[in-house]
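This report refers to the structure that appears directly beneath it.
The values are calculated or read from the model by the stated rules, or taken from the named source; none is laboratory data. On a predicted model such as this, the values are computed, not experimentally measured, just so you know. Ideal geometry is used to build each Cβ from the backbone, glycine not excepted, and the neighbour counts take in all protein chains shown.
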């Protein structure tokens, strides 16, 4: 029996379904995910991609894991291959039937299990979403530029500007790659950029961090130089305590200043 057009969606139609929920998605992004082996749509005899329910839901899961959980593509692929991520469990409607409207009661039930504890409610306004929460990707993970952009939501121009001002510094051995530290910095920088703060002004935050680091280094210089592992571990614990206290002090001072500002 010949397959009709209604049996599948084109890549453009898939983009139309996803773009409202994921404004950053493009046809190039979908093709990139295919090139990385995360999706594998069928092809027509003419070579055009054919997307079915499972393909669309799989794309939703991948995009959600990148945006909400900041997972690298290789980790997402491993979870899909192992069955830990199973988009088939999310499908509860035939192709062409719209999803029911989202309500406060159905938000949790519509979220993917692996992201349920992290994903902000669609009912939240952009200003109320916990956008600054960046999930750790694990020590030693190396991301290429495309993965880094996908995970942080930064545009190519923004990444270039942040690197030019030394806010983000990718490692260059043996190839350029980004670690969990650059992801945390990039995720926070994106929010500041979206609020209209220029990339060059983010140097103020970098300068403050460098001054705090210099002070900690001076305070703990003797312990840091010791070869004894116990002494070095103790010094690291002290550094962490100082950093945490400094962050709380900075936050308290800013909150006090904001209160005075708006009074």
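In the condition set (1) outside any helix (DSSP H, G or I); (2) touching a residue at least 60 places away in the same chain (Cβ under 8 Å), residue 187 is compliant with all but (1). Candidates in region 75-97 are the residues that are surrounded by 15 or more Cβ atoms within 10 Å (Cβ to Cβ) and at pLDDT below 85; of these, the one that is nearest to the chain's Cα centre (by Cα) is 85. One residue is enough: does region 220-239 have a residue meeting the conditions in a helix (DSSP H, G or I), touching a helix residue (DSSP H, G or I) at 6+ places or on another chain (Cβ under 7 Å) and in contact (Cβ under 8 Å) with a residue 40 or more places away in the chain? No, there is no match, as no residue in region 220-239 is in a helix (DSSP H, G or I), touching a helix residue (DSSP H, G or I) at 6+ places or on another chain (Cβ under 7 Å) and in contact (Cβ under 8 Å) with a residue 40 or more places away in the chain. Does region 140-162 hold any residues that are modelled with pLDDT of 85 or more and buried (at least 17 other Cβ atoms within 10 Å of the Cβ), and which are they? Within region 140-162, 154, 158, 159, 161, 162 qualify.
Here is a check on your reading of the model: is residue 41 surrounded by 12 or more Cβ atoms within 10 Å (Cβ to Cβ), modelled with pLDDT under 85 and touching a strand residue (DSSP E or B) at 6+ places or on another chain (Cβ under 8 Å)? It would help to see each step written out before you state the result.
Working: surrounded by 12 or more Cβ atoms within 10 Å (Cβ to Cβ): yes; modelled with pLDDT under 85: no; touching a strand residue (DSSP E or B) at 6+ places or on another chain (Cβ under 8 Å): yes.
Criteria not met by residue 41.
Answer with yes or no whether residue 182 is within 24 Å of the chain's Cα centre (by Cα), free of Cβ contacts under 8 Å to residues at least 24 places away in the same chain and surrounded by 10 or more Cβ atoms within 10 Å (Cβ to Cβ). In short, no.
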